[in-house]
Amino acid sequence: MTDAEEPQKPWGARGLDALVLAFATWTLLTHLVVWLEGPLDLLILCSITAMAVALALAIWGTPPSWTRSPGLEAPSPIALGTVFRVTIVLGAFAASVAGALSGSIEVWWAIASATLTLAAFAPSQTVQQFSKPAQPPAQIAWLSGFALLFAGVVLIAHRPDADDAYYINLVVSAVGQPTQALLSGDTLHGYANVPPSLPVFQLMTWELFQAGVSRVTGFPPLWVAHIIAPALVALCVPLAWARLATRLVPQHWLWVTGLTLLALLCFGDGTKGYSDFGVLRLQQGKSILLLVALPLSAAYGIEFAQRPSARTWVKLAAVQIASVGLSASGLWLAPIVAGIGLVATLPLNTGHALQSIRWVLVGLSASAYPLLLGGALRTATLQAVESAIRPLGGANWSGAELMAHAAEAVLGHGLYGQWLLFATLALTASSNPLLRRFAAVSALVFAALFFNPWTAPWVAHHLTGSETFFRVFWILPLPLFWAAFLCEPLAWSSTKTAPGRAVARTGIVLVSALALWFLPSPPTLSAENGVRLDRPGPKLPPEAWRLAKQIGALSQPDSFVLAPLPIARWIPLIEGAPRPLMVRELYLDRLASRLGTAELDRRRALTHLVGGAIRPPSGPALLERAIREDPLDVVCLREPAASWPALRAVLSKSSLVPTEQTAEYEIWARPRSSPD
C-alpha cells in the first residue's frame with residue numbers, strides 16, 4: 001500500500017501527534033532530571049534544547065523507513081451469519097437483564113463470558129479496513145465545534161476534588177522553588193527529603209509540565225492548572241476519540257464521535273466513570289490518560305497494525321511513554337489498550353500467520369518503556385503498600401467484592417451502566433469486521449484477565465491497588481462502544497440509499513434523546529452531581545478557597561497553621577503557603593518515618609478537634625500546647641468547635657486574636673508586627 005492509499009486521518013491528527021511526541025519527550029527528560037535530583041529550571045533548559053534538536057531533525061533529518069510486505073493486505077473479511085449475530089445479541093441482552101435483576105455482577109460476568117466465548121469463534125480472515133472516511137468541510141466544522149464546545153464546558157464546570165491538594169501543590173511548589181530538586185520532599189506539610197508515599201509517584205510529569213508553563217509564561221500556577229491546561233486538553237478530547245472512530249467506523253465516524261461526546265457530557269452515573277472522573281477532573285493527569293491517551297493508544301495500535309512503519313511505531317511508543325507521565329496507571333493500561341488495538345487489527349488467516357506474529361512482536365516492543373519501568377518499581381511499590389501505617393481499603397476483599405465495587409464506581413446504579421455493558425457485548429456481532437474484532441478482543445481481555453472473580457484479587461494486589469481496581473474498566477472505551485452500537489444501523493444495506501440514511505439518522509437522534517431523558521442519574525453537569533456552573537476560575541469551593549487564602553495572608557510562609565480539613569486541603573495551593581498540621585489523613589502518613597506515629601496522631605486529633613468532629617476532655621489543653629509550642633500562627637475553628645467555651649477560653653488567653661467570623665468558621669491569628 002502506498003502513502004497515497006493510507007487511511008485518512010481526522011482533522012487535527014498531525015497536531016495531536018506532535019503534542020503526543022512533545023509530551024513523551026518531556027516525560028523522558030523529566031524522569032532523567034528527577035533521577036539526577038535536578039530542579040525545574042534544569043528541566044526547562046533541557047526541554048528547550050530538545051525542542052531545538054527536534055526542529056533541526058525535522059528540517060534536515062531523514063526519518064527511517066520500513067514497512068511490511070504488501071501481501072498482508074489480505075482477502076476481504078468474512079461476514080457473520082444472521083443466526084450467529086442474533087445469538088450474540090441475545091446473549092448480551094440476557095447478561096444485562098440477569099445482572100440487573102439479580103443485582104450481582106458475577107451473574108453478568110458468567111453470561112457475558114459465555115457470549116464472548118461464542119463471539120471468539122466468529123470466522124475472520126482479516127480485518128483490514130483502508131477505506132477513507134469522508135471529511136468534507138462541514139464535517140471538519142462539526143469536529144471543530146465539538147472541540148470548542150468541550151473546552152467551553154470544561155472551563156465553566158467546577159466540581160472540587162480533594163486530590164488537587166496533592167497534584168496542584170506539586171505545580172505550586174515547583175514554581176515557588178525552581179532551584180530545588182524535583183519531587184524530593186513533602187511540600188504539603190513543608191518537609192524536605194521525604195520520599196513519595198509510593199515510588200511510582202516519581203514518574204508523574206504532567207504536574208511538572210504545568211509548573212514549567214507557569215515558570216516560563218509567568219502565569220500563576222493555579223491559573224495554568226485549573227484554567228489554561230484543562231481548556232487546552234479539552235480541545236484534544238474530541239480529536240482523540242475521532243482518531244479512534246475513524247479507524248473503527250470510517251464511514252460514519254462523525255456520528256460516533258458526536259454521540260461519544262454526548263455520553264461524556266451528559267451521563268454521570270458512576271463517580272469513577274468516564275464522565276465524572278474524566279470531564280470533571282481534566283486538570284489531573286489520570287483524567288487526561290482516560291480521555292485522551294487511552295483512545296489514542298488504541299488508535300495508534302490499529303494504525304501500526306494496518307501500516308507498520310518506523311513512524312507509526314514511534315507514535316505507538318510515544319503515547320505509552322506520555323501515558324506514564326500522566327498517571328502511574330499508564331504503566332499497565334497503555335500497553336494493554338495499545339496491544340488490544342494491535343492484535344484486533346492484524347489478519348488471522350493462516351496464510352499470513354507468521355507475518356502477523358512478527359508484526360505483533362514488533363508492535364509490542366513499543367511498550368518496552370512502561371513495562372520496564374513497571375517491573376523495576378514493582379518490588380519497591382509492593383513493599384511500600386504492605387508497610388503502610390493504615391492498610392488500603394479493600395485490601396482483603398474477595399474477587400466478587402472487588403468486581404462489585406468497581407462496577408458501582410464506574411457504572412453507578414442506573415440503567416446507563418447496563419446499557420454500556422450490553423452495547424459492548426452486542427458489538428461483537430457488528431457488521432463492521434474491525435469494530436467487531438476490536439470489541440471482542442477488548443471485552444475478552446477485560447473479562448478473562450482482569451474483571452474475573454479468580455484473577456481480580458491478584459490484579460488488585462499486584463497491578464492496580466484495591467482502591468483503584470475500578471480502573472480495569474478503562475480498558476474498554478465504553479462511551480465509544482455505546483455510540484457505535486447506536487450507529488450500527490448506518491452500516492446496514494437498507495441505509496445505503498438517501499431515504500434509508502435519513503430514517504436511520506432520525507432513529508439515532510430519537511433514541512439518543514430518549515437516553516438523555518431516561519438514563520442519567522444524575523446528569524454529569526447537574527448540581528445534583530455536585531457541579532457548579534460558573535465563569536472560568538479555580539475549580540475549588542469558593543468560600544473554602546477564600547478562607548484558605550485568608551489564612552495564608554494572616555500567616556508567615558513556612559509557619560504552622562491549624563484548620564479543619566475542608567479548609568486545610570486548599571492551603572497548599574497558595575504560593576508561599578504556610579504549613580498546615582494536616583492536609584488529608586492519607587497524605588499525613590507519608591511523614592511517619594520523619595515525625596513518628598505519636599506526632600501524627602496529635603496532628604489528627606488537633607485537626608478533628610477544630611473541625612468539630614471530636615470533643616475530648618483533653619482537647620483544650622492539646623490546643624493550648626500547640627499554640628504555644630508549635631507555634632501556630634493561625635487557628636481556624638468550624639462549628640460546633642467554634643462554640644465550645646473551653647476552646648474559646650484557650651484562644652482568648654493566647655496571643656491569637658479573632659480576625660474573621662462566618663456562619664460556619666472563625667479565624668484566630670497571631671498579630672503581624674507592623675513594619676518600621
Condition met for Ile571 (touching a Pro at 6+ places or on another chain (Cβ under 8 Å), without any contact (Cβ under 8 Å) to a residue 60 or more places away in the chain and within 23 Å of Gln661 (Cα to Cα)): yes
Selection within the stretch 431-458 - free of Cβ contacts under 8 Å to residues at least 60 places away in the same chain and either outside the structural domain of Ala240 (by TED's automatic domain parsing) or within 19 Å of Leu421 (Cβ to Cβ) (or both): Ala439, Phe446, Leu449, Phe450, Thr455, Ala456
Failed condition for Arg546, given (1) within 19 Å of Ala165 (Cβ to Cβ); (2) without any contact (Cβ under 8 Å) to a residue 40 or more places away in the chain; (3) not in a helix (DSSP H, G or I): (3)
The listed residue being assigned by TED's automatic domain parsing to the domain that holds Arg378 and on the phi > 0 side of the Ramachandran plot, out of Gly185, Gly152, Gly218, Gly145: Gly218
Close pairs (9 angstrom Cβ cut-off, 6 or more residues apart or separate chains): in the same structural domain as Val175 (by TED's automatic domain parsing) and touching a residue at least 60 places away in the same chain (Cβ under 8 Å) in the stretch 38-53, loosely packed, with under 14 Cβ neighbours inside 10 Å and in a helix (DSSP H, G or I) anywhere: Gly38/Leu32; Leu43/Leu32; Ile44/Val216
Residue ID - nearest to Leu232 (Cα to Cα), chosen from residues in the stretch 23-37 that are hydrophobic (A, V, I, L, M, F, W, C) and either free of Cβ contacts under 8 Å to residues at least 12 places away in the same chain or surrounded by fewer than 17 Cβ atoms within 10 Å (Cβ to Cβ) (or both): Leu32
Residue count, the stretch 520-534 (criterion: hydrophobic (A, V, I, L, M, F, W, C) and free of Cβ contacts under 8 Å to residues at least 40 places away in the same chain): 1
Any hit, the stretch 260-283, residues being in contact with an Asp or Glu (Cβ under 7 Å, 6 or more places away or on another chain), assigned to a helix (DSSP H, G or I) and not hydroxyl-bearing (Ser, Thr, Tyr): yes
Some residue of the stretch 373-395 being over 29 Å from Gly270 (Cβ atoms), at pLDDT 85 or above and not hydrophobic (A, V, I, L, M, F, W, C): yes
Residue match in the stretch 590-597 (condition: among the hydrophobic types (A, V, I, L, M, F, W, C), modelled with pLDDT under 95 and within 17 Å of Asn169 (Cβ to Cβ)): yes
Test: residue in the stretch 409-417 that is touching a Ser or Thr at 6+ places or on another chain (Cβ under 9 Å), at pLDDT 85 or above and surrounded by fewer than 23 Cβ atoms within 10 Å (Cβ to Cβ): yes
Total residues in the stretch 549-578, condition within 20 Å of Pro221 (Cα to Cα), in a helix (DSSP H, G or I) and touching a helix residue (DSSP H, G or I) at 6+ places or on another chain (Cβ under 7 Å): 7
Number of the condition not met by Leu254 [criteria: (1) in a helix (DSSP H, G or I); (2) within 24 Å of Gly363 (Cβ to Cβ); (3) more than 20 Å from the chain's Cα centre (by Cα)]: (2)
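The values are calculated or read from the model by the stated rules, or taken from the named source; none is laboratory data. All values derive from a computational prediction rather than experimental measurement. So basically every Cβ, Gly included, is an ideal-geometry build from the backbone, and we count neighbours across all protein chains shown.
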